[in-house]
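The structure appears below as structure tokens.
Coordinate-derived values only; no laboratory data. Treat the numbers as computed from the prediction; the structure is a model and nothing was measured. Don't worry about glycine lacking a Cβ; one is built from the backbone with ideal geometry, like all the others, and counts go over all protein chains shown.
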Amino acid sequence: MISLCRQTSVLLFCALLFPGFFVHASAQDPQTPHPVSASPSILVNGTLYVSGQGSRKPDGSRPREFPGQVDQVLHNLRATLNSAGMDFDNVVWMNVYLTSIGDIAGMEEVYWREIGSSPPARTVLTVAALPDGDRIEINCIAVQDKAHRRAIWPEGWPSGPHSDPPAIQAGDVLYLSAQGGADPHTGKLASDFAGEVKQALDNVSVVLQAAHMSTKNVVWVNPYMSVGGQYDA
């Protein structure tokens with residue numbers, strides 16, 4: 001789902017970390033440009049957390065046109081995944097950040113050409129600015145074990161070749177795409193902000209139920225709003 005504003009994004013963790021539980025973490029360092037202070041990715045017990053990837057090439061240059069920039073971001077992302085023995089079909093959750101709402105169509109064209117037949121749960125956000133003058137940045141989470149990676153589709157929800165799955169389940173962890181204030185069956189947006197909040201929460205609940213979970217399983221929620229002063233609603 002593309003999340004422009006007034007959207008709710010949920011990342012659901014059902015696994016528990018017990019005292020004494022051993023966590024192995026290692027930094028992955030492909031030949032892609034990244035801030036000196038940041039690791040391109042960290043691998044923890046089979047889960048890869050990938051830092052935001054921009055559009056610069058390894059030589060520091062950047063494609064002039066936006067489609068080329070999107071392609072370079074995905075190339076950098078793939079190089080980071082490849083350094084851990086993974087590819088796009090290992091990705092379970094992705095955030096795409098854009099500085100202009102007008103770039104969405106161009107991003108989508110390149111994204112669906114490159115992402116493959118097993119897209120991740122995804123949120124697309126427009127922001128005021130990105131580091132280094134980028135127009136697009138992408139970060140993601142990937143898992144080594146693809147055998148237990150599956151898409152979650154609530155009954156009756158529309159799907160198609162260029163549709164983000166409402167959620168991806170990887171073992172006992174569920175990653176949700178952004179859920180907004182529109183009815184997924186009709187595409188109709190709620191008439192006011194309070195209605196959008198209720199619809200977004202209802203959408204999240206339906207996705208959770210499709211994975212045999214409930215809001216009691218949720219451990220992390222990111223709410224996104226387009227206008228300040230709406231928090232109390």
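Could you derive backbone 3J(HN,Hα) for the range 56-66 from the dihedral phi with the Karplus parameters 6.51, -1.76 and 1.60 (θ = phi - 60°), listing whole Hz in sequence and x where the residue is Gly or Pro?
7, 7, x, 7, x, 7, 9, x, 6, 8, 4
With the Cα gyration tensor of the range 76-196 giving a ≥ b ≥ c as the square roots of its eigenvalues, does the rule (a/c under 1.5 for rounded; else a/b larger than b/c for prolate; else oblate) give rounded, prolate or oblate?
oblate
Using only alpha carbons, build the gyration tensor for the range 132-233 and give me the equivalent ellipsoid semi-axes, biggest first, whole Å.
24, 19, 15
Would you mind calculating the gained length between SER117 and SER205 on full extension (0.36 nm times residue separation, minus the Cα-Cα distance), in nm to one decimal?
29.1 nm
What aspartates and glutamates sit close enough to LYS146 to cross-link, taking a C-alpha to C-alpha distance under 17 Å and skipping anything fewer than 8 places away on the same chain?
Answer for LYS146, where 17 Å is the Cα cut-off: ASP87, ASP89, ASP172, listed by chain and number.
Going by Cα centres, the range 73-123 and the range 196-213 are how many Å apart?
25
Find out how many positive minus negative residues lie around PRO165, taking Lys and Arg as positive, Asp and Glu as negative, among other residues whose Cβ is under 12 Å from that of PRO165.
For residues surrounding PRO165, the net value is +2.
For TRP112, TRP157, what ranking results if the residue with the fewest other Cβ atoms within 10 Å of its Cβ goes first?
Going from least to most buried by this count: TRP112, TRP157.
First check a/c for the range 122-178, with a ≥ b ≥ c the square roots of the eigenvalues of its C-alpha gyration tensor; if it is under 1.5, answer rounded, and if not, answer prolate when a/b is larger than b/c or oblate otherwise.
Oblate.
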